[in-house]
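Enquirer: Here you go, one structure.
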Amino acid sequence: MSMILSASVVRVRDGLPLSASTDYDQSTGMQECRKYFKMLSKKLSQLPDRCTLKTGQYNINFISSLGVSYMMLCTENYPNVLAFCFLDELQKEFITTYNMMKTNTAVRPYCFIEFDNFIQRTKQRYNNTRSLSTKMNLADMQTEIKLRPPYQISVSELGSTNGFAHLSATEYKGTGKISAAPHQRLEPVTLPGIVSFVLSLLCGALNLIRGFHAIESLLQNEGEDFSYVIAFFLGTAACLYQCYLFVYYTGWRNAKSFLTFGLICLCNMYLYELRNLWQLFFHVTVGAFSTLQIRLRQPQGKSPDYNV
């Protein structure tokens, strides 16, 4: 019988499960598919926004948008057009129900488990195709899938030691080349993010001005310590690099932001004699705030345009 068996909602950046349907099938095939779900969850940030994995008598389909992925398991003969309409409906309801901040800051698995009620209702509707609303424009979905078919993931790719790293340079029909990580778009800028960006620029400018003053003092007094000049300019570079990390996506972005914050702290510790406590507190606090905003602004999933 052609049907949808289970579905789940997963955060793209780290594979954290946010919600899932409650399934009771403990067959060997289902257990194997759950393993594939977990393996795919860890690779979502490296995959296109629409994919299909064929696993014998089952298919796993998923779409990703705005940092969240919607995954479903169905029998191999379940129509693709209905599968992606189902996922699109989950996406629209989830985005309407939960704001982006909640999904970005969630720390425990299945913290939106109440969304399972909607998943179950929608799954029942799609498993009974006669009851589906006639308002759904399946023709548009069929055209969309024909023009831009989902990327077909093979089981051998899923089990490779290098994961999906090679997909960054792979071209699949309808989308051109998949963007490499450094060119990946980030989520929209928030007001706290703008504030942190401006404050980081301000701290960088203050460090730069003090650095030039330190050079003038060094030229006038030979006894001045040149290491203060280095500390000021390193502080400037660290602040500007935080601005860069906030605006652009790079590999190891979070780790770089923490290292940059550590450099800001070290520079201010060294400049302890030249700054009062309020100045030190301001520079360190701005550095910490900018690091937090870099951490919160994650890569943005491509928003599928299904027109349904």
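The values are calculated or read from the model by the stated rules, or taken from the named source; none is laboratory data. All values reported here derive from a predicted model rather than from experimental measurement. We place every Cβ from the backbone using ideal geometry, glycine too, and count neighbours over all the protein chains shown. We work out accessible area using only protein heavy atoms, side chains counted, and drop any ligands, DNA or RNA first. Shrake-Rupley method; radii C 1.70, N 1.55, O 1.52, S 1.80 Å.
Enquirer: In region 191-296, what percent of the accessible surface is made up of carbon and sulfur (1.4 Å probe, ligands and nucleic acids excluded)?
Expert: In region 191-296, the share of accessible area belonging to carbon and sulfur is 74 percent.
Enquirer: Write out the GluC sites (Glu not before Pro) in region 186-278 meeting two conditions: DSSP loop, and at most 16 other Cβ atoms within 10 Å of their Cβ.
Expert: Listed in order of number, the matching sites are 222, 224, 273.
Enquirer: Is the shape of region 28-81 rounded, prolate or oblate, going by the alpha carbon gyration tensor and its root eigenvalues a ≥ b ≥ c, with a/c under 1.5 for rounded and a/b larger than b/c for prolate?
Expert: Here region 28-81 falls in the oblate category.
Enquirer: Right, here's the next one. Ranking request for peptides 65-71, 230-236: highest mean number of other beta-carbon atoms within 10 Å first, then the rest in descending order.
Expert: Descending packing order for the listed peptides: 65-71, 230-236.
Enquirer: Report the full-extension gain for the segment residue 292 to residue 258: residue separation times 0.36 nm, less the Cα-Cα distance, to one decimal in nm.
Expert: Gain in length upon complete extension: 11.3 nm.
Enquirer: PRE reach from residue 190 (point 7 Å along Cα→Cβ): which of region 92-129 fall under 17 Å by backbone N?
Expert: Backbone N within reach: 95-108.
Enquirer: Looking at region 191-296 from every direction and averaging, what is the projected area of its Cα convex hull in nm²?
Expert: The orientation-averaged projected area of the Cα hull of region 191-296 comes to 6.4 nm².
Enquirer: Right, something else. Taking 35 Å as R0, compute the FRET efficiency from the Cβ-Cβ separation of residue 281 and residue 95 and round it to 0.05.
Expert: According to the calculation, E is roughly 0.35.
Enquirer: Say the cut-off is 32 Å between C-alpha atoms; which of 54/92; 146/256; 123/256; 54/256 go over it?
Expert: With Cα atoms farther than 32 Å apart: 146/256; 123/256; 54/256.
Enquirer: How many percent of the accessible area of region 4-157 is carbon or sulfur, using a 1.4 Å probe?
Expert: It is 53 percent, rounded to a whole number.
Enquirer: Something else now. List the pair-distance distribution P(r) of region 4-157, using every Cα-Cα distance, as the percent of pairs falling in each 5 Å bin from 0 up to the bin containing the longest distance, rounded to whole percents.
Expert: All Cα pairs, binned at 5 Å, distribute as 2, 9, 20, 23, 23, 15, 8, 1 percent.
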